[in-house]
Amino acid sequence: MANAGYDVYLVAQGETYEKNGVHIVGFGPKRSSRLQRMLFTTRLAYQKALAVDADIYHLHDPELLPYGMKLKHRGKKVIFDSHEKYTEQIRCKGYLPNWCRSLIAACYGAYERFVLKRIDGLVFPSPLRGKNPFEGQCRNFTFLSNVPRMEELYHQYNAHTQKYERSLVHVGVLSYTRGITHLVQAAAQSECTVYLAGAFSPASYQTEVETLPEFSHAEYLGKLDRPAVADLLQKCQIGIATLLNVGQYNQFNCLATKVYEYMSLGLPVILTRSSYNETVVEQYQFGICVDPENIEEISNAIRYLFDHPDEARRMGENGRRAIREEFNWSIEEQKLFSLYKTILTEK
């Protein structure tokens, strides 16, 4: 938005500074507990945002919806960016007791619908199970997929980078539901090394994974910044994203963000078998779909790509073509510009 000429203020926890033409408005360090963040952090965010006196307020967290209503009462234009279908996601929250998840989800859903009818715009990543889950709930709506910027990864590609031998990589949150246990076991079975970059969730899961006998085939690199992620992807031979079929995983009509990142840097990709994934893989021929809980099937796919390097290289090239032609932010951002323009011109 800043590159398009908007005066952009990002209100977030942390320090105040400017970067890439964006004014970052910080409001202190992150609070330690989830309850404190919900009770106090949202109010601080609202107070800082209100002081900016912006024309449009674009909210990214469901706990900010009450403050979205406060902004509407002050005559502001408000957009809610719903990264997930929270009424479904709440039912999978491990920190909530089982007996109250459905009740909380229903209460949140009723309030969310109330707010969406009254604010100006709604953003969601893609259709969910082939349908718009917010159909008719907000007068201005757009799908906005979290695809990469060409300059961040695609243009960093170097075909001559020396690769780690028999290597695959997973970047992002490391959790059981994202298939990490099965991945480590498949890496051992296929006699390769899996490079893991990201934070374990929950933190205790790290101990569980590191005590697996197969963990000798894994290299944990911790959390990496974006340049380090790009460097790691360049050095690995295969990208993998075998998220388990839990909650909303594999239900969106878009690929996992990490898959787009692998494709940008020419990696063949092993990904979860789902209706959408299979359709896109068939169209662009950039990877192999597998059952994320079938260790034998995952390891067979890994071995196949190692044993057929020319085909793996072609898959990598096909993935880059898909990014260039369809899955990049230069295309996607036009939807955001159109949404902002529509909302700003409404009476």
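The values are calculated or read from the model by the stated rules, or taken from the named source; none is laboratory data. All figures in this text were calculated on a predicted structure; none of them were measured in a lab. Here the Cβ is made from the backbone with ideal geometry for all residues, glycine too, and neighbour counts use every protein chain on show. What goes into the accessible areas is simple: the full protein's heavy atoms, side chains included, and nothing from ligands, DNA or RNA. Shrake-Rupley method; radii C 1.70, N 1.55, O 1.52, S 1.80 Å.
Computed quantities for the displayed model
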| quantity | calculated |
| --- | --- |
| Per residue accessible area of the chain, 1.4 Å probe, in Å² | 51 |
| Within region 190-347: Cβ-based charge dipole about Cα centre, in debye rounded to nearest 20 (Lys, Arg +1; Asp, Glu -1) | 740 |
| Centre separation in Å (Cα based) which lies between region 228-256 and region 100-122 | 30 |
| Region 265-347: Rg to Rh, with Rh as the Kirkwood radius over Cα pairs | 1.19 |
| Nearest-0.05 FRET efficiency for L224 and R313, computed from C-beta distance (R0 22 Å) | 0.30 |
| CD proxy at 222 nm, helix term only [per DSSP H run n ≥ 4: -39500 (n - 2.57); per residue of the chain; nearest 500] | -11500 deg cm²/dmol |
| Highest-first arrangement of 7-17, 52-62, where packing means the average Cβ count within 10 Å | 52-62, 7-17 |
| Lys/Arg +1, Asp/Glu -1 at C-beta; the chain dipole; positive extreme among L196, A45, H217 | A45 |
| Mean separation of Cα contacts under 8 Å (6+ apart) over length of region 1-88, as relative contact order % | 19 |
| Semi-axis lengths, Å, region 167-218, gyration tensor of Cα atoms, sqrt of 5 times eigenvalues | 17, 12, 8 |
| Amide H contacts under 5 Å for V78, placed H, 5+ residues apart | Y57, D120, G121 |
| For region 123-204, convex hull volume per residue from C-alpha positions, Å³ | 172 |
| Whole-number percent relative contact order across the chain, with pairs defined as alpha carbons under 8 Å at least 6 apart | 14 |
| Kirkwood Rh in Å, taken over all unlike Cα pairs in the chain | 21.9 |
| Prolate/oblate/rounded call for region 35-179, Cα gyration tensor, a/c under 1.5 rounded | prolate |
| Candidates S204, S102, S175, ranked by Gaussian network fluctuation over the chain, Cα under 10 Å, top entry | S204 |
| Karplus-derived HN-Hα couplings along region 114-128 (A = 6.51, B = -1.76, C = 1.60, θ = phi - 60°), whole Hz, x at Gly and Pro | 4, 5, 4, 5, 10, 8, 9, x, 9, 10, 9, x, 5, x, 10 |
| Under-5 Å amide H pairs with I288, H placed in peptide plane, nonlocal only | V269, I270, L271 |
| Two-site FRET efficiency, T279 against A12, from Cβ-Cβ distance with R₀ of 30 Å, rounded to 0.05 | 0.25 |
| For the chain, with +1 on Lys and Arg beta carbons and -1 on Asp and Glu, the positive-most of Q13, C254, H155 along the dipole | Q13 |
| Estimated dipole of the chain in Debye, rounded to 20 [Cβ of Lys and Arg +1, of Asp and Glu -1, Cα centre] | 1660 |
| Region 32-158, relative contact order [Cα under 8 Å, separation at least 6], % | 19 |
| Prolate/oblate/rounded label for region 143-190 (Cα gyration tensor, a/c 1.5) | oblate |
| Eligible aspartates and glutamates near K76 by straight Cα distance, threshold 19 Å, same-chain separation 8 or greater | D7, D53, D55, D61, E63, E112, D120, E346 |
| Gained length - Y176 relative to Y304, 0.36 nm times residue gap less alpha-carbon distance | 43.6 nm |
| Average silhouette area of region 100-153, convex hull of alpha-carbon atoms, in square nanometres | 5.7 |
| Residue-span extension gain [R113 to R74] - 0.36 nm each, minus C-alpha spacing | 12.0 nm |
| Region 205-347: C-alpha gyration tensor shape, a/c 1.5 cut-off, then a/b vs b/c | prolate |
| For the chain, with +1 on Lys and Arg beta carbons and -1 on Asp and Glu, the positive-most of T207, V173, L96 along the dipole | L96 |
| Debye, to nearest 20: dipole size of region 31-134, +1 on Lys, Arg Cβ, -1 on Asp, Glu Cβ | 240 |
